[in-house]
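Structure first, commentary second.
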Amino acid sequence: MDYQRKRKLSFITIALLFLLSGVEYAVILPTIWKYLQTLDAPPYFLGLTLSAFSFSGLLTGPLFGHWSDRTRTTKKIILFANLFEIVGNFMYFLGFSKWLLLSSRLVAGVGTGAGSSIFGFLTRSSAPEDRATIFAAVMACRQAGLLIGPAFNIFLRLCDFQLGPFVVNKYTSPGLFMCFCWILLQLVVLFMYWDLPPLDKGKEKRRATGSTVADNEEVLADDEEEDDEEGKPLMKSQELVGSYGSVASKNLHQNHTEPSAEAHPNHISSHSSSEILQSESTLNPFKNFSLSREFLREEVVVLLAAQFITLFNQTALETMVTPLTQKYFSYGELENSVMYCLCGVEVIAGFLFVQWLSVRVAERAILAIGLAICNISGVWCIIFLAKPVGGYEWQLSEFIIGVFLQVLGLPFVAVAQVSLFSKVTAEKTQGFSQGVRRSVAGLATILGPLWAGGLTDNLYIMLGVMMALLALLTIMLVVSYNRLVEPSKEQQDENTTENCA
């Protein structure tokens with residue numbers, strides 16, 4: 001099978017994985033509270049159970065990312081992580097006690113840690129100019145899962161039978177259904193996913209610059225040999241020694257052809273040492289790795305802040321919406337389901353629009369657009385949602401506009417900050433970096449509902465703090481706007497030299 005076909009099938013598998021993650025959320029969330037009530041769980045257990053899933057992903061994301069960076073493999077990590085999804089959902093199906101239900105979500109959440117490895121894989125196997133498009137498509141797949149999930153509940157809620165000693169009803173059936181889905185995905189990953197070699201982003205540039213010395217046949221032959229060797233992973237010590245030898249022979253060739261090299265006898269050894277250090281860095285991406293040097297840079301802090309604040313606000317508003325619609329509009333499960341469905345359609349349309357826009361506009365501009373929309377939404381919510389005015393129709397219009405603006409800004413911010421983050425952090429440790437980013441996201445999804453849950457009767461305080469966070473993020477973006485770009489080739493070389501020193 002050729003490379004392009006393997007790449008296409010691997011990306012389809014990733015899309016299915018994110019689709020299933022969205023389906024799982026949409027299938028389990030509607031019934032989990034009543035499921036807990038049948039097990040005599042106190043009200044606070046709902047928050048604990050939902051947070052347990054995010055907490056596991058928060059811890060395992062960097063670990064799986066670190067694993068993928070060291071081994072340059074993703075397939076076995078996905079297969080391993082999916083086992084936790086299978087076991088966790090089966091435990092959810094058993095549901096003998098509230099503690100087993102809590103443990104089931106804790107175990108299933110471990111599987112989400114593979115997302116950091118997947119984003120690292122997507123970064124290494126895509127060109128920088130295509131990255132926002134690919135990330136937007138992957139995120140849209142999860143939103144599609146959130147839309148499809150409620151459709152499965154139509155028949156899952158009708159389940160009422162025995163499976164041996166186990167009861168299958170509308171509460172336990174989502175766990176059994178998702179367990180079966182994750183088992184099928186294991187087969188898909190096994191037969192349709194490949195660990196593709198990293199995309200050689202500098203290959204075309206080298207070929208372009210090589211045309212200036214086209215008259216030198218020996219140099220061209222050396223370049224072709226180099227390209228062929230770079231396409232192979234440096235996994236064995238013999239190959240590494242061979243690469244050192246090729247570097248040395250190339251330097252000796254330059255020493256004979258360039259008179260200036262004779263005046264600098266240390267030139268060969270210093271250049272060769274630099275190449276050797278870079279090769280060692282490829283084999284061990286965490287050699288001389290520094291957390292502070294990687295994550296405490298201005299542009300990285302801004303993007304991590306964007307990740308945290310937008311997700312914190314999103315989950316807080318999601319928590320607030322249901323009590324608000326019940327209080328002012330007397331909405332039940334059906335009305336809320338329709339509302340969430342419409343929001344899902346809007347989000348998917350937003351991701352598709354950002355996917356189209358990303359090839360025409362820089363990511364930092366997309367981030368600025370999304371943040372501007374979020375600020376408008378925040379101001380609108382403080383003015384009109386904290387204390388609605390007018391009659392029923394006017395209040396409903398205020399609510400719809402506020403939700404529409406909030407949902408509209410999410411795809412812009414989400415895609416832009418993930419794409420930019422993959423460019424301003426080192427590619428060789430991309431899995432670990434994406435794990436850190438997803439851990440920040442997990443922390444936001446835990447704290448957001450906790451913040452909103454305790455302040456549903458004090459919306460001015462809740463929305464005011466959220467607006468203050470958005471204002472802070474806006475200031476950070478304005479100050480650091482010029483730094484939110486992909487580092488130049490010279491800067492990347494400098495960073496590589498510093499890390500190898």
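The values are calculated or read from the model by the stated rules, or taken from the named source; none is laboratory data. Everything numeric here is computed off the predicted structure, so don't read it as measured data. We place every Cβ from the backbone using ideal geometry, glycine too, and count neighbours over all the protein chains shown. Keep in mind that these areas ignore ligands, DNA and RNA; they rest on the heavy atoms of the full protein, side chains included. Shrake-Rupley method; radii C 1.70, N 1.55, O 1.52, S 1.80 Å.
Numerical summary
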item: Shape of the range 367-415, Cα gyration tensor, a/c cut at 1.5; result: prolate
item: Mean Cβ count within 10 Å, highest first, over the residues of peptides 462-474, 85-97, 49-61; result: 49-61, 85-97, 462-474
item: Ellipsoid equivalent to the range 313-445 - semi-axes via the Cα gyration tensor, in Å; result: 32, 16, 13
item: Estimated dipole of the range 319-429 in Debye, rounded to 20 [Cβ of Lys and Arg +1, of Asp and Glu -1, Cα centre]; result: 420 debye
item: Sequence ranges 182-189, 418-425, ranked by mean other-Cβ count within 10 angstrom, highest first; result: 418-425, 182-189
item: Three-way shape label, the range 325-401, alpha-carbon gyration tensor, a/c 1.5; result: oblate
item: Where the range 329-433 is the region considered: accessible area per residue in Å², 1.4 Å probe; result: 42 Å²
item: Signed unit charges on C-beta, dipole axis of the range 345-432, positive-most listed residue Cys374, Val424, Ile400; result: Val424
item: Under 14 Å, Cβ to Cβ, from Gly22 - net charge with Lys/Arg +1 and Asp/Glu -1; result: -1
item: Convex hull volume per residue for the range 68-127, taking Cα atoms only, in Å³; result: 67 Å³
item: Hz values of 3J(HN,Hα) by residue in the range 470-477 - Karplus curve (6.51, -1.76, 1.60), Gly and Pro given as x; result: 5, 5, 4, 5, 5, 4, 4, 5
item: Cα-Cα separations in the range 38-107 greater than 18 Å, expressed as whole percent; result: 46 percent
item: Formal net charge of residues neighbouring Phe11 (Cβ-Cβ distance under 12 Å; K, R +1; D, E -1); result: +3
